[in-house]
Amino acid sequence: MIPDITIHNTAKFPKLGLGTWEMGGRSKPDYSRDNLWLKAITFALESGIRHIDTAAIYGGGHSEELVGKAIRPYDRSRLLITTKVSGDKLRYDEVLRSVAQSLQNLSTDYIDLLLIHWPNPAVPLSETMKAFNRLLDEKTILYFGLSNFPVSLIREVMQLTDRPILTNQIEYNVFTRNKGSYNTGMEREIIPFCHEHGISITAWRPVMKGDATLAGQATLAAVGEKYGLSSFQLALNWLCSKPLMMAIPKMSSEQHIRENIEALSVKLDPEDYTLLERMGN
Ligand SMILES: NC(=O)c1ccc[n+]([C@@H]2O[C@H](COP(=O)([O-])OP(=O)(O)OC[C@H]3O[C@@H](n4cnc5c(N)ncnc54)[C@H](OP(=O)(O)O)[C@@H]3O)[C@@H](O)[C@H]2O)c1
C-alpha cells in the first residue's frame, strides 16, 4: 500500500509514482520497445501505482501515447496523470496547443496535474499563467504545478493566480541536495520555501538513475543491510519519509517496481535517518 500525502487540504497524491522519461524515446518517438514499456506501466498499475509522470516532450509525445494506451483498461478516476508543458512552449497559444496535443496523446479529456516543465526567462510568466488559469477554470487541468523553479520565480507565480501551486518537481535525492542540473539550494532554500507555503516537492531522479555510486556507497550499504533494503530502496525510503514529498522513479523492471513499493513500508530508526540526512552536497 503506497501512502498518500494531502496537499493544500485538497489534493491527495501517492508518495510513489512512476516516471516515464525515456519510455517511448528521448526527444523523438522510438516505437521499438513499446511492448516493454506498456508491460512495465501495466505491471506498475496492477501493483498499486496510481500516479504516472510524463511530459509533452518525452519521446516527442510518444511517452504520453504509451501512458494513454496503458491506462485505457483502468478506471480513469482512480488514476493521477501528471504531464508538462515544455519550457519553450510557454506563450499563451503554445500552452493551449500543447495541452490539446497532450490530451489527444493521453486519450483523456482532463489532466490531473499540469506542470511548467522549466522556467523560460524569454516569456513573461503572466502570459503562461493566463493560459494555466484558463485551463484550470475550464477544468481541463485539475491542478497545476512547476518544475525546476527557483524561489524567486515561485513567488512570481504565486502573484499570478489564486490557485494553489500543487508541487515543484525538482532534482533531489540522497546525494543531490543543493547542486542539481538546473537548480541550486534545493534543500537549503527551495524545499523550505515550498513547505512553508504548503507546496509539495516531487523528486525527480530519486534513485540517481540506478547509478552504481549509490549502490556502492558505504553508509547506504551498511544501513540498508540492517533493514534488508538495497541502497536504492533505502535512498527512496529516506526521500519518501519526508513530509510533503513524492518520488517518481522511472521503473521498467518488475523487480524495481516491487522493490520500490516494498521500500516504503520500512520505518528507519531516527539515528539511521540522521546518518542519511548528513550525506549529500
Ligand atoms: N522535471 C524534470 O525536469 C525531470 C527531469 C528528469 C526526470 N524527470 C522525471 O522523473 C523521473 C525519474 O527520473 P529519472 O528517470 O531521470 O531517474 P531515476 O528514476 O532516478 O532512475 C531511473 C533508473 O533507475 C532504475 N531503478 C529504479 N528503481 C530502482 C531500484 N530499486 N534499484 C535499482 N535501480 C532502480 C531504473 O531501472 P529500470 O528502468 O530498469 O527499472 C532506471 O534505469 C523520470 O522518469 C521523469 O518522469 C523529470
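Read-outs: derived from the displayed coordinates by stated rules, not from any lab. Bear in mind the structure is a predicted one, so any value in this text is a computation, not a measurement. All Cβ positions, even for glycine, are placed from backbone atoms using ideal geometry, and neighbour counts span all protein chains on display.
What the pair-distance distribution of segment 124-281 shows, using all Cα-Cα distances binned every 10 Å from zero, is 10, 37, 31, 16, 6, 0 percent.
Taking a straight line from the alpha carbon of residue 69, these lysines sit under 17 Å away, with near neighbours fewer than eight places off in the same chain left out: 39. Modelled spin labels at residue 93 and residue 162, positioned 7 Å past Cα toward Cβ, are 3.0 nm from each other. Rounded to the nearest 5, the antiparallel percentage of DSSP beta bridges internal to segment 88-196 is 10%. When the P(r) is computed for segment 97-138, the part past 13 Å accounts for 59% of the Cα-Cα pairs.
Kirkwood radius and radius of gyration were both taken over the C-alpha atoms of segment 168-252, and their ratio Rg/Rh is 0.98. Summing +1 for each Lys or Arg and -1 for each Asp or Glu among the other residues whose beta-carbon sits under 14 angstrom from that of residue 134 gives -1. Taking a point 7 Å out from the Cα of residue 107 in the direction of its Cβ, the residues of segment 57-92 whose backbone N falls within less than 11 Å of it are 65-74. For the chain, DSSP calls about 20 percent of its internal beta bridges antiparallel. Here segment 28-69 has an Rg and Dmax of 10.3, 30 Å, counting Cα atoms alone.
Note on segment 177-222: Cα convex hull, mean projected area over all directions, 4.1 nm². Quick check on segment 1-145: take the gyration tensor over C-alpha atoms, sort the square-rooted eigenvalues as a ≥ b ≥ c, and tell me if it's rounded (a/c under 1.5), prolate or oblate. In terms of gyration-tensor shape, oblate. Every Cα-Cα pair of segment 56-133 was included, and the share exceeding 16 Å stands at 47 percent.
Checking the a/c ratio against 1.5 first, then a/b against b/c, what shape does the Cα gyration tensor give for segment 203-253?
It is oblate, given that a/c is not under 1.5 and a/b is not larger than b/c.
Seen from a random direction on average, the alpha-carbon convex hull of segment 115-196 projects onto 5.5 square nanometres.
The fraction of all Cα pairs in the chain landing in successive 10 Å bins from 0 to the largest distance is 7, 30, 37, 21, 5, 0, given as whole percents.
If you take all other residues with their beta carbon under 12 Å from the beta carbon of residue 11, and give Lys and Arg +1 and Asp and Glu -1, the sum is 0. Helix 218-227 and the longest principal axis of the Cα set of the chain meet at an angle near 80°. Taking a point 7 angstrom from the Cα of residue 254 along the C-beta vector, which residues in segment 40-74 have backbone N less than 17 Å away? Answer for this model: 40-49. For residue 269 and residue 209, the difference between the fully extended length at 0.36 nm per residue and the C-alpha to C-alpha distance is 19.0 nm. Ellipsoid fit via the Cα gyration tensor, segment 1-57: semi-axes of 26, 15, 6 Å, each the root of five times an eigenvalue, largest first. Between residue 26 and residue 127, the C-beta separation translates, for a Förster distance of 35 Å, into a calculated FRET efficiency of about 0.80.
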